[in-house]
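Trainee: Before we start, here is the structure in question, set down as structure tokens.
The values are calculated or read from the model by the stated rules, or taken from the named source; none is laboratory data. What you see is a predicted model, and the numbers here were worked out from it, not measured in a lab. Glycine also receives a Cβ, built like all others from the backbone with ideal geometry; neighbour counts cover every protein chain displayed. The area values use the complete protein model at the heavy-atom level, side chains included, leaving out ligands, DNA and RNA. Shrake-Rupley method; radii C 1.70, N 1.55, O 1.52, S 1.80 Å.
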Amino acid sequence: MAVFSTNDAKVLLPRNIANGVITKAQSTATAPKLSGSEPQRFGETDYIIFDSFPRAEFVGEGQPKSATTGAFRSVTAKPHKAQVTMRFNEEVQWASEDYQLDILGQLSAKGGEALSRALDLGMYHRIQPLDGSVITSWDNYLDAAPSSIQLGKGELDQSIREAAGLLVNSTTNPITPTGIALDPSLVWELGNLQTKNADGTPSGVQRYPNLGIGTNIDSFLGLNVAVGNTVSGRPEAAADTKVRGYIGDFQNGIRWGVQRELPVELIRFGDPDGQGDLKRQNQIALRLEIVYGWYVFTERFAKLVVA
């Protein structure tokens with residue numbers, strides 16, 4: 001069956017390619033590596049959150065029971081649709097089925113990567129990936145975390161410990177960190193740290209030899225690690241976010257899921273992306289879309305920022 005043979009201008013991706021797109025979107029981004037996705041219905045999803053957990057009471061035989069303490073509230077995860085639209089010369093439709101599948105394979109690889117990065121960029125920084133601008137109407141994103149440590153005032157590993165300390169030692173809401181998301185530049189600096197001689201001078205011996213040159217690491221200081229430049233928002237961000245890392249409770253502090261996995265759409269007519277009429281340009285367009293839903297509990301995270 002030829003991929004582009006359709007009467008209603010829509011084609012479904014072959015299932016293995018479609019699954020690859022979703023898998024890439026959930027595995028390339030740093031947030032999904034540290035926090036698992038969950039099923040979500042389309043639209044706004046409410047979560048009940050306990051601000052203070054109820055406390056149990058031991059009751060003696062024949063003794064009255066007291067009111068149980070505890071307070072809760074609700075938060076709402078909102079849907080966010082991301083899309084990738086690519087144009088091709090119309091002659092692609094006349095090529096062999098194998099060639100058409102190769103085009104869709106390339107679309108799934110690059111489109112899946114773009115949709116994956118969009119998840120981090122939106123959830124972390126509320127960045128519009130296409131032009132790097134800030135989506136000011138979004139009010140829930142990780143950069144709004146109130147706790148932060150400024151880098152450069154001490155050694156990098158100590159700064160990470162201090163950021164963890166802000167959460168662990170909080171008097172109002174103690175948090176146990178479960179993961180760290182780091183920009184590659186920060187991992188490079190960690191890999192360059194050296195042990196010290198008795199007089200305090202660098203020994204020339206790598207302090208964390210397991211980091212190597214900072215690629216492909218998955219743990220640090222006993223916590224799961226995800227590394228990616230979406231943590232800093234580079235290169236998409238129009239302005240430097242100053243963020244180089246997040247530490248916090250990724251398992252409970254981020255609730256996210258894929259609300260809709262939409263089919264690839266073959267568009268033959270009109271101007272779907274503002275680049276001119278398709279027929280006039282002798283082109284077709286392929287559009288790939290996904291709908292994420294998320295809510296970030298910013299109080300469960302601390303940022304690592306540069307001056």
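Trainee: State whether one or more residues within the range 244-252 are over 15 Å from Ile180 (Cβ atoms), modelled with pLDDT of 85 or more and over 14 Å from the mean Cα position of the chain (by Cα).
Mentor: So far as the range 244-252 goes, yes, one or more of its residues are over 15 Å from Ile180 (Cβ atoms), modelled with pLDDT of 85 or more and over 14 Å from the mean Cα position of the chain (by Cα).
Trainee: Looking at the range 184-212, which of its residues are in contact with a Gly (Cβ under 8 Å, 6 or more places away or on another chain) and either open to solvent by less than 40 Å² (accessible area, probe 1.4 Å) or over 25 Å from Tyr246 (Cβ atoms) (or both)?
Mentor: Leu186, Val187, Leu190, Gly191, Gln194, Tyr208, Leu211, Gly212
Trainee: I've got another one for you. Specify the residue that is surrounded by the most Cβ atoms within 10 Å (Cβ to Cβ); the eligible residues are those in the range 163-183 that are of a type outside the set (Asp, Glu) and touching a Gly at 6+ places or on another chain (Cβ under 7 Å).
Mentor: Ala181
Trainee: Separate question: Answer with yes or no whether Ser66 is more than 21 Å from the chain's Cα centre (by Cα), farther than 30 Å from Val305 by Cα and either modelled with pLDDT under 70 or not polar (S, T, N, Q) (or both).
Mentor: For Ser66, the condition - more than 21 Å from the chain's Cα centre (by Cα), farther than 30 Å from Val305 by Cα and either modelled with pLDDT under 70 or not polar (S, T, N, Q) (or both) - is not met.
Trainee: Among the residues of the range 94-114 satisfying the criterion of being open to solvent by 40 Å² or more (accessible area, probe 1.4 Å) and polar (S, T, N, Q), which is modelled with the lowest pLDDT?
Mentor: Ser96
Trainee: Does Ala239 qualify as being assigned to a loop (DSSP other than H, G, I, E, B) and either hydrophobic (A, V, I, L, M, F, W, C) or open to solvent by 70 Å² or more (accessible area, probe 1.4 Å) (or both)?
Mentor: For Ala239, the condition - assigned to a loop (DSSP other than H, G, I, E, B) and either hydrophobic (A, V, I, L, M, F, W, C) or open to solvent by 70 Å² or more (accessible area, probe 1.4 Å) (or both) - is met.
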